[in-house]
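Asks: Got a structure for you, questions after.
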2 protein chains.
Amino acid sequence: MTMPRPTRETLFRYLPILTWARVYNRDTATSDLVAAVIVTIMLIPQSLAYALLAGLPAEMGLYASILPLVAYAIFGTSRALAVGPVAVVSLMTAAAIGQLGLSTPGDIALAAITLAFISGVFLTLLGMLKLGFLANFLSHPVIAGFITASGVLIAASQLKHIFGIDAGGHTLVELVISIFEHIGETNLITLVIGVSATAFLFWVRKGLKPLLRKAGLGPRMADIFAKAGPVAAVVVTTLVAWAFGLGDHGVRLVGEVPTGLPPLSAPSFDLSMWQTLLLPAVLISIIGFVESVSVAQTLAAKRRQRIDPDQELIGLGTSNIASAISGGFPVTGGFSRSVVNFDAGAETPAAGAYTAVGIGIATLVLTPLLFFLPKATLAATIIVAVLSLVDFSILKKTWGYSKVDFTAVTATIVLTLLVGVEVGVSAGVLLSIFLHLYKTSKPHVAEVGLVPGTQHFRNVLRHKVETLPGVLTLRVDESLYFVNARFLEDYVLERVAECEKLDHVVLMFPAVNEVDHSALETLEELNRRLAEQNITLHLTEVKGPVMDRLQRSHFLHDLSGRVFLSQYDAWCALKPDAPEGTEKEGVAAQ
Amino acid sequence: MTMPRPTRETLFRYLPILTWARVYNRDTATSDLVAAVIVTIMLIPQSLAYALLAGLPAEMGLYASILPLVAYAIFGTSRALAVGPVAVVSLMTAAAIGQLGLSTPGDIALAAITLAFISGVFLTLLGMLKLGFLANFLSHPVIAGFITASGVLIAASQLKHIFGIDAGGHTLVELVISIFEHIGETNLITLVIGVSATAFLFWVRKGLKPLLRKAGLGPRMADIFAKAGPVAAVVVTTLVAWAFGLGDHGVRLVGEVPTGLPPLSAPSFDLSMWQTLLLPAVLISIIGFVESVSVAQTLAAKRRQRIDPDQELIGLGTSNIASAISGGFPVTGGFSRSVVNFDAGAETPAAGAYTAVGIGIATLVLTPLLFFLPKATLAATIIVAVLSLVDFSILKKTWGYSKVDFTAVTATIVLTLLVGVEVGVSAGVLLSIFLHLYKTSKPHVAEVGLVPGTQHFRNVLRHKVETLPGVLTLRVDESLYFVNARFLEDYVLERVAECEKLDHVVLMFPAVNEVDHSALETLEELNRRLAEQNITLHLTEVKGPVMDRLQRSHFLHDLSGRVFLSQYDAWCALKPDAPEGTEKEGVAAQ
């Protein structure tokens, strides 16, 4: 038996590298190399810091920034996305691993590797099944609320490093209580380093750029220099810690970091570990994908390029599998590093591969120098980075616009802060789906009449319109399906009971985009119950797809009245002075 | 401090008994008593059989048919509903208790009592919070599929009693395998009794009624006599078993049933038991409620009475609590017994209270006589009763009408049979919600044009219509919310990219019943991206509620084009020979 040879299209779909590698030339390579150098410098402290945030040894952050970048360069479709460890996913990794209650560093590392593996397999599968649309189940406000709440949690979780104390917890309350309990053990030198580094980094972010602009630098270069602030903080505090032997004064340092390229590693296949990590891995995958794809889409739009969300799933999936086999932890496309990559001129995903080489060199050369790096410095870089994610304005925006969105975002923020990241984001998703369904469960139904002198029908409560005697015309403003099927039947019968003398009920369906089998059954029941009261039921302005489906059922045959193409046709036919013509006409669809 | 005195309305809402008890008279009482006698005779074998099905001692079936009926008579709103143990709920009870892995009869009984208690509290709470609409999340096809599959499972679970063998299992495959493993141990006398009883009961159902009609009985009386068939089977087989001492020949009998009124009982408050039983209790409550309320609604409609679904929740909830405190198990309104009650002339819920007295007398007098009742007879009554529930036609109906409904019902049936009742019904509910959302995730969008000589706009692919040069008019056939927000943006931009020269995009919103915050953001983005290409975006036929909301945002202010009351207005304004007038007009809503 021979495998069917893959077609050219399939190859190009699954290996986007083929598209750009053919036209790769010296100019493109130069642009990519420059971008890679800048991103590498930025990524080294970030990688270390996010490993710390995830509760993992520092070197795992570097390992997660090598092979995953190569995998993304081969399988990803964004020209500018820079993958690696990111803040929110690292926080979720810490929460997931925390559930396992492990104590030895080796087990914890194995759990992180396994989490990356499960997440990678899940993302790749979603991509191959073209299920990228699943990410749409996260509404914008829920994402915004979740990222804001995560930012607050992450910042709070780093305070212990700033104070140099032992504190823990996965919720805001736990973190705050734990910090207060241990605040007496504060190491003053650590505090000074932490506060200075934080203040310095805030200044770099807010004050350095205008200064560099004044000094004559272009806006892009000024921005890139400002992004290198963390490197300066790392270098200076490391030198200080080394020079004054601060390790002996209780300042916690990164310590021994193994030198050398990442080791080959394999995930655990322990069933109970998979059971515990499965849901967190799914949530990490979806949150990571949503974050990554929105960055990729924003950057692609700026250069009028396109990304393919389903192939992005495969790109991120293989990156995570690559992370798992090279001693890393879950990765995704990061916002700030991708923007730096883009601004620095990266033209193809090859820039990512060059960055991987840069980080690889760092693991070979720089690791001994990291011994004296204070953890407080890394915490400061995290705090400053995540506070830029914190934006509570989504609460105000949704409050004014939609109480449903406001409820979903509030629940997401409160539950993320007080119960945890997984509960928070799950509750946000489920609540927004539930509230959406709830809204449709009692649809808006308007009695309508003719706007004089036109053929238009409008709500009798909002406009001056004419109605016909003995005719009740209701416009149904919702698709009809199982959740609201019963409501419509009850509503129409109630309205009918209120009317003195009624011969016709006309249901206007311009906004009915679906009639499912449950709704079909209630329409049949409604038709029967109205016929018992000698009331004829008519439909008007039924949409094409809905009409196609109704024609496959018995309903149109049993319907006591007619289906009119337009509401105006119904008006003309049901007018008291209308010419006789009660036999059923051929039905027509919009 | 004094409690505020409840208003008259509140009292009447929560105690429907007050409504009918005032006008209760001798005639009504006579009708109710006659109905009660007939239902009592029918309920005795049913109660015993469903206790057996639930894996509980026979007397618990009787206990579950006394106090719950009194509670429903006080709190229920249906005049004809007869509550007690029913087939599907008993099957679900067996499955729920099976998960606890208990072995002693006392523990199993306590678990059933606890299940009834949790279910009762849950239903009562739902009723007090007026959350009856939650039952609408079960679509009609899912319910139909679930009941059909449950019927098959129940019949299969009773075969062991017909063969007189030990067999078990909660799924169809387990049951079939287990029966084949033990078929060699078949007790031939049991098999003869079981098969004869089953054949007799089928004949009673199909053949007796026509016979009685021929003999001159009215149709209602003939029907009621036919429903008494199980009692005849019980009496005859009990006498046979007693006369020939069949118990000594390996025929399993009901055996010792304690004599006396139900004991006072209390649920367990063991936390781990509650954790295991919570989800099953919720599912049992919702399935029981849906089944009960649909029977109640059907019967109420026949006499032009109304039932109040929220008060029904309280009626069923208190019935289950009553069952829990009197040694019973979960109950709900049963279909066949309610129809018998209705046909026999029950006029008020008092008929239920009289039935309770009847069953109470049975526990005092009849229980010794049940010793010789073969279990095979009870199994036969169950098999014949549930096979009438089995109706696979829902598969054919939904296949022709809607593939989405077909998928949901198929999943429900297959999973119920092969995995279990809880997984089956949960999957049905979740799948129908997911598929509904999925359908709305890629909305139907039609390009429309003017039907010549009218003011109507129709799909260019379905009708002969006119379009304007440089204008793309799209009718969006779906509410816009987070799941499809992104789709619309991509779709419109793609369509725009296909057009040669475009000045205006008009989005027609007659079927857009909602624009949530996520969709608002994409509309803003779309407006911005189109403006970059010098294309003006207009909206037409925006519904009142949607317009109200858009006016609370910045979108209408930023919109490059206008909002037209009708699509025809937009046509007139955008026609090449239209008079100039490009300044933004006041927006108007439907």
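Asks: Quick one: A:Glu347 ticks every box in (1) on the phi < 0 side of the Ramachandran plot; (2) surrounded by 22 or more Cβ atoms within 10 Å (Cβ to Cβ); (3) away from every other protein chain (no Cβ under 14 Å) except a single one, so which number is it?
Replies: Going through the list (1) on the phi < 0 side of the Ramachandran plot; (2) surrounded by 22 or more Cβ atoms within 10 Å (Cβ to Cβ); (3) away from every other protein chain (no Cβ under 14 Å), A:Glu347 breaks only (2).
Asks: Here is a follow-up. Only one of A:Ser103, A:Ser65 is under 19 Å from A:Thr381 (Cα atoms) and in a loop (DSSP other than H, G, I, E, B); which?
Replies: Values: A:Ser103 fails: under 19 Å from A:Thr381 (Cα atoms).
When all the criteria are applied, what remains is A:Ser65.
Asks: Could you check A:Lys302 against (1) modelled with pLDDT of 85 or more; (2) closer than 25 Å to A:Ala385 by Cα; (3) open to solvent by 10 Å² or more (accessible area, probe 1.4 Å) and say which number it fails?
Replies: (1) is the only condition that A:Lys302 fails.
Asks: Given the residues A:Glu256, A:Glu312, which is the only one that is closer than 29 Å to B:Thr522 by Cα and either of a type outside the set (Val, Ile, Thr) or at pLDDT 90 or above (or both)? It would help to see each step written out before you state the result.
Replies: On the way: A:Glu256 fails: closer than 29 Å to B:Thr522 by Cα.
Step by step, each of A:Glu256, A:Glu312 is checked, and only A:Glu312 is closer than 29 Å to B:Thr522 by Cα and either of a type outside the set (Val, Ile, Thr) or at pLDDT 90 or above (or both).
Asks: Which of the helices (runs of 4 or more DSSP H) contained wholly in segment B:483-563 include at least 3 residues that are of a type outside the set (Ser, Thr, Tyr), within 13 Å of chain A (Cβ to nearest Cβ) and open to solvent by less than 10 Å² (accessible area, probe 1.4 Å)? Step through it out loud before you land on a result.
Replies: Details: elements: B:517-532, B:544-550, B:555-558.
By residue number, B:517-532, B:544-550.
Asks: Then there's this: Given the options B:Ala80, B:Ala96, name the one that is in a helix (DSSP H, G or I) and either assigned by TED's automatic domain parsing to the domain that holds B:Met273 or touching a helix residue (DSSP H, G or I) at 6+ places or on another chain (Cβ under 9 Å) (or both).
Replies: Values: B:Ala80 fails: in a helix (DSSP H, G or I).
After ruling out the rest, the residue left standing is B:Ala96.
Asks: Which condition breaks for A:Asn459 when tested against (1) within 14 Å of another protein chain (Cβ to nearest Cβ); (2) in contact (Cβ under 8 Å) with a residue 24 or more places away in the chain; (3) of a type outside the set (Gly, Ala, Ser); (4) closer than 30 Å to B:Lys442 by Cα?
Replies: (2)
Asks: Give segment B:289-339 a look and list any residue that's of a type in the set (S, T, N, Q) and assigned to a helix (DSSP H, G or I), or say none.
Replies: Residues of segment B:289-339 of a type in the set (S, T, N, Q): B:292, B:294, B:297-298, B:305, B:311, B:318-320, B:323, B:326, B:332, B:336, B:338.
Matches in segment B:289-339: B:Ser292, B:Ser294, B:Gln297, B:Thr298, B:Gln311, B:Thr318, B:Ser319, B:Asn320, B:Ser323, B:Ser336, B:Ser338.
Asks: When A:Ala427 is evaluated against the numbered criteria (1) within 12 Å of chain B (Cβ to nearest Cβ); (2) under 42 Å from the mean Cα position of the chain (by Cα); (3) open to solvent by 20 Å² or more (accessible area, probe 1.4 Å), which criterion, by number, is the only one it fails?
Replies: (1)
Asks: Residues that are touching a residue at least 60 places away in the same chain (Cβ under 8 Å), at least 2 per element: which helices (runs of 4 or more DSSP H) completely within segment A:153-235 meet that?
Replies: Values: elements: A:172-182, A:188-203, A:209-214, A:219-227.
Passing ranges, in order: A:172-182, A:188-203, A:219-227.
Asks: Would you point out which residue out of B:Val339, B:Val357 is at pLDDT below 85, open to solvent by 20 Å² or more (accessible area, probe 1.4 Å) and of a type in the set (A, V, I, L, M)? Give the derivation first.
Replies: On the way: B:Val357 fails: at pLDDT below 85.
B:Val339 is the lone residue from the list that is at pLDDT below 85, open to solvent by 20 Å² or more (accessible area, probe 1.4 Å) and of a type in the set (A, V, I, L, M).
Asks: Could I ask something else about it? From the list A:Leu33, A:Leu67, A:Leu56, A:Leu62, which residue is open to solvent by 60 Å² or more (accessible area, probe 1.4 Å), in contact with a Pro (Cβ under 9 Å, 6 or more places away or on another chain) and in contact (Cβ under 8 Å) with a residue 24 or more places away in the chain? Write out each step before concluding.
Replies: Details: A:Leu33 fails: in contact with a Pro (Cβ under 9 Å, 6 or more places away or on another chain); A:Leu56 fails: open to solvent by 60 Å² or more (accessible area, probe 1.4 Å); A:Leu62 fails: open to solvent by 60 Å² or more (accessible area, probe 1.4 Å).
It is A:Leu67.
Asks: Right, next: Exactly one of these conditions fails for A:Met128: (1) surrounded by fewer than 18 Cβ atoms within 10 Å (Cβ to Cβ); (2) within 30 Å of A:Leu373 (Cβ to Cβ). Give me its number.
Replies: Just one mismatch for A:Met128, condition (2).
Asks: Answer with yes or no whether A:Lys206 is modelled with pLDDT under 90, exposed (fewer than 15 other Cβ atoms within 10 Å of the Cβ) and of a type outside the set (Gly, Ala, Ser). Steps first, please.
Replies: Values: modelled with pLDDT under 90: yes; exposed (fewer than 15 other Cβ atoms within 10 Å of the Cβ): yes; of a type outside the set (Gly, Ala, Ser): yes.
Answer is yes for this residue.
One line per residue, one yes/no per condition, for (1) out of contact with any strand residue (DSSP E or B) (no Cβ under 7 Å at 6 or more places or on another chain); (2) at negative phi; (3) surrounded by fewer than 19 Cβ atoms within 10 Å (Cβ to Cβ):
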| residue | (1), (2), (3) |
| --- | --- |
| A:Tyr438 | yes, yes, yes |
| A:Lys442 | yes, yes, yes |
| A:Val448 | no, yes, no |
| A:Gly453 | yes, no, yes |
| A:Phe457 | no, yes, no |
| A:Val460 | no, yes, yes |
| A:Pro469 | yes, yes, yes |
| A:Thr473 | no, yes, no |
| A:Asp477 | no, yes, no |
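Asks: Any chance segment A:397-416 includes a residue that's surrounded by 18 or more Cβ atoms within 10 Å (Cβ to Cβ), without any contact (Cβ under 8 Å) to a residue 24 or more places away in the chain and of a type in the set (Gly, Ala, Ser)?
Replies: yes
Asks: Next up: Against the condition of a type outside the set (A, V, I, L, M), modelled with pLDDT under 95 and under 19 Å from the mean Cα position of the chain (by Cα), how does B:Phe133 come out, does it pass? Give the derivation first.
Replies: Working: of a type outside the set (A, V, I, L, M): yes; modelled with pLDDT under 95: yes; under 19 Å from the mean Cα position of the chain (by Cα): yes.
Yes.
Asks: In segment B:112-140, which residues are within 11 Å of B:Ile314 (Cβ to Cβ) and either in a helix (DSSP H, G or I) or within 13 Å of chain A (Cβ to nearest Cβ) (or both)? Reasoning before the result, please.
Replies: Looking only at segment B:112-140, we keep the residues that are within 11 Å of B:Ile314 (Cβ to Cβ), and these are B:120, B:123-130, B:132.
If the condition is that a residue be within 11 Å of B:Ile314 (Cβ to Cβ) and either in a helix (DSSP H, G or I) or within 13 Å of chain A (Cβ to nearest Cβ) (or both), then B:Gly120, B:Leu123, B:Thr124, B:Leu125, B:Leu126, B:Gly127, B:Met128, B:Lys130, B:Gly132 are the ones that fit.
Asks: Another one. Out of curiosity, is A:Phe180 over 21 Å from A:Gly76 (Cβ atoms), more than 14 Å from every other protein chain (Cβ to nearest Cβ), among the hydrophobic types (A, V, I, L, M, F, W, C) and open to solvent by 20 Å² or more (accessible area, probe 1.4 Å)?
Replies: Values: over 21 Å from A:Gly76 (Cβ atoms): yes; more than 14 Å from every other protein chain (Cβ to nearest Cβ): yes; among the hydrophobic types (A, V, I, L, M, F, W, C): yes; open to solvent by 20 Å² or more (accessible area, probe 1.4 Å): yes.
When the stated conditions are applied, A:Phe180 passes them.
Asks: Oh, and also: Given (1) over 18 Å from B:Lys130 (Cα atoms); (2) surrounded by fewer than 22 Cβ atoms within 10 Å (Cβ to Cβ); (3) among the aliphatic types (A, V, I, L, M), identify the lone condition not met by B:Ile286.
Replies: Failing condition for B:Ile286: (1).
The values are calculated or read from the model by the stated rules, or taken from the named source; none is laboratory data. On a predicted model such as this, the values are computed, not experimentally measured, just so you know. All Cβ positions, even for glycine, are placed from backbone atoms using ideal geometry, and neighbour counts span all protein chains on display. Heads up: the accessible areas ignore ligands, DNA and RNA and are worked out on the full protein's heavy atoms, side chains in. Shrake-Rupley method; radii C 1.70, N 1.55, O 1.52, S 1.80 Å.
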